[in-house]
């Protein structure tokens with residue numbers, strides 16, 4: 001069977017409509033992951049032991065179970081608990097909660113990478129806790145973690161096809177439905193692969209450049 | 001409520017656990033077979049990317065970019081649904097093994113490449129000074145040192161790999177995720193079924209993660225961003 005470019009172009013419109021949802025879910029999921037990850041990172045530094053333990057347990061459970069099962073769990077169990085969310089919202093929440101376990105660790109490592117001397121200097125200068133964080137620690141912690149977070153953003157983007165399993169018609173599900181109705185698999189799935197490649201490879205190169213600019217000079 | 005609830009759980013357990021454990025066995029089988037192939041491919045591709053010829057380097061670089069740049073699920077469906085149109089018919093299990101091996105090897109090859117590149121140049125120069133052949137330099141000097149540095153990131157990758165095998169349920173391989181789905185269709189106890197499925201995955205992944213942490217402390221360097229899937 002040879003690749004039919006005519007057909008491939010014909011379905012591109014449908015696929016790109018699906019890709020909009022893919023991007024929406026990625027952006028929404030990442031924003032949630034950045035926020036929840038921050039909360040987790042703070043909770044893990046809490047002076048209260050139970051808070052620290054709870055946050056660590058959450059991180060361990062999320063990191064050591066497959067995203068697909070977490071997605072199913074939220075999709076099937078949330079309604080039983082009385083939470084009726086649209087599938088897309090469930091998908092975004094699942095992505096956000098999953099990646100928050102990774103971003104929490106990224107924040108932690110960023111903060112840990114700030115040399116002790118910086119803390120001591122801030123203390124010696126009698127800076128308040130707030131000023132120490134906002135002026136000394138955070139600005140230095142951000143640089144090394146930006147590229148790492150960028151890599152997770154790409155990772156999340158590549159994870160979005162799983163959302164097709166909970167009835168979200170994103171890019172991959174669009175290809176599946178085209179394949180299901182036309183019995184042609186070659187073109188839709190190839191086009192999906194191309195869309196992923198076209199978006200993720202340049203992003204990865206961009207992030208590598210950003211890393212060099214922020215952290216190697 | 002709690003007394004009833006606990007009684008109900010206890011009643012369900014003997015019904016749910018055996019099929020899930022059978023699924024777990026398939027998950028482990030898929031993980032072992034595809035993981036072993038991925039490991040071999042990682043070395044081939046990772047060393048290939050350090051080849052002297054720019055042509056060979058280019059081919060392996062393209063391999064890595066393509067299989068890292070497209071989603072694992074897309075690759076899986078490609079193997080299972082598209083290859084038959086090109087005359088390659090695979091069982092679900094074979095399609096799963098091929099897709100997962102290729103996908104993880106793209107990440108694994110980066111581990112191999114960066115570990116080899118991280119070995120001090122002086123080691124290479126010493127080997128040249130001793131007039132060792134290229135092959136002996138690699139097998140006797142570089143790799144033994146590099147392999148230790150690969151252990152922690154490979155441990156992380158194994159956990160990622162195992163979690164990714166859950167996708168094979170979508171092409172009807174009867175793994176743990178698949179067992180969960182079919183139990184759900186039979187008795188509709190979503191909370192119990194998925195809590196158990198999560199627990200079983202956790203019981204396998206968590207010890208592996210712990211072991212990896214220990215390896216990291218022992219041989220590790222800080223592998224920034226290497227965790228990104």
Item to complete: Based on other C-beta atoms within 10 Å, arrange A:164, A:134 from fewest to most.
Response: A:134, A:164
Worksheet item: Regarding chain A, what are the three Cα extents along the principal axes, ordered largest first, in Å?
Response: 72, 48, 23
Item to complete: Would you mind checking the tilt of helix B:190-219 against the longest principal axis of the Cα atoms of chain B, expressed as 0 to 90 degrees and rounded to 10?
Response: 20 degrees
Discussion item. Using only the Cα atoms of the range B:21-70, what are the Rg and Dmax in Å?
Written reply: 14.9, 49
Worksheet entry | For chain B, calculated [θ]222 nm from helices alone, where every DSSP H run of n ≥ 4 adds -39500 (n - 2.57) | -25500 deg cm²/dmol
Practice prompt. Enter the mean number of other protein chain beta carbons within 10 Å of the beta carbon of each residue in B:101-109, as an integer.
Written response: 0
Worksheet entry | Centroid-to-centroid separation of the range B:59-90 and the range A:154-190 [C-alpha atoms, Å] | 14 Å
Fill in: Kirkwood Rh and Cα Rg combined as Rg over Rh, evaluated for the range A:46-162
1.09
Discussion item. Counting other beta carbons within 10 Å of each residue's own, what order do B:213, A:158, B:163 fall into, fewest first?
Written reply: B:213, A:158, B:163
Worksheet item: In what sequence do A:116, A:63, A:209 fall when counting other Cβ within 10 Å, fewest first?
Response: A:116, A:209, A:63
Discussion item. Mean-square fluctuation check for chain A, GNM, Cα pairs under 10 Å: which of A:52, A:108, A:84 is largest?
Written reply: A:84
Response to the item:
Averaged over residues of B:75-87, the number of beta carbons from other chains lying within 10 Å of each residue's Cβ is 4
Worksheet item: Relative contact order for the range A:84-164: what is it in percent, counting Cα pairs under 8 Å that are at least 6 residues apart?
Response: 41 percent
Item to complete: Note the direction-averaged projected area, equal to a quarter of the hull surface, for the Cα convex hull of the range B:3-148, in nm².
Response: 13.8 nm²
Practice prompt. Name the most mobile residue of B:106, B:115, B:140, meaning the one with the largest mean-square fluctuation, in a Gaussian network model of chain B with Cα contacts below 10 Å.
Written response: B:140
Item to complete: With everything on Cα atoms, drop me the angle between helix A:67-80 and the longest principal axis of chain A, reported from 0 to 90° to the nearest 10.
Response: 90 degrees
Item to complete: Using a Gaussian network model of chain B whose springs link C-alpha atoms within less than 10 Å, name the residue from B:187, B:103, B:156 with the highest mean-square fluctuation.
Response: B:187
Worksheet item: If one puts a single equal scatterer on every Cα of the protein assembly as shown and applies the Debye formula without solvent, what log₁₀ I(q)/I(0) results at q = 0.08, 0.12 Å⁻¹?
Response: -0.51, -1.13
Worksheet item: Rounded to the nearest 0.05, what FRET efficiency do residue A:210 and residue B:187 have when you use their Cβ-Cβ distance and R0 = 51 Å?
Response: 0.50
Item to complete: Please report how far the C-alpha centroid of the range A:15-50 lies from that of the range A:63-111, rounded to the nearest whole angstrom.
Response: 9 Å
Fill in: the range B:79-179 - Rg (one decimal) and Dmax (whole number), Cα, Å
19.3, 59
Practice prompt. State, to one decimal in nm, how far the label point of residue A:146 lies from the label point of residue B:91, with both points 7 Å from Cα in the Cβ direction.
Written response: 5.2 nm
Worksheet entry | Helix axis angle, B:2-48 relative to chain B longest principal axis, alpha carbon, degrees | 20 degrees
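Bear in mind these aren't lab numbers, they're just calculated from the coordinates by the rules spelled out. It should be emphasised that the depicted structure is a prediction, and the values quoted were computed from it without experimental measurement. So basically every Cβ, Gly included, is an ideal-geometry build from the backbone, and we count neighbours across all protein chains shown.
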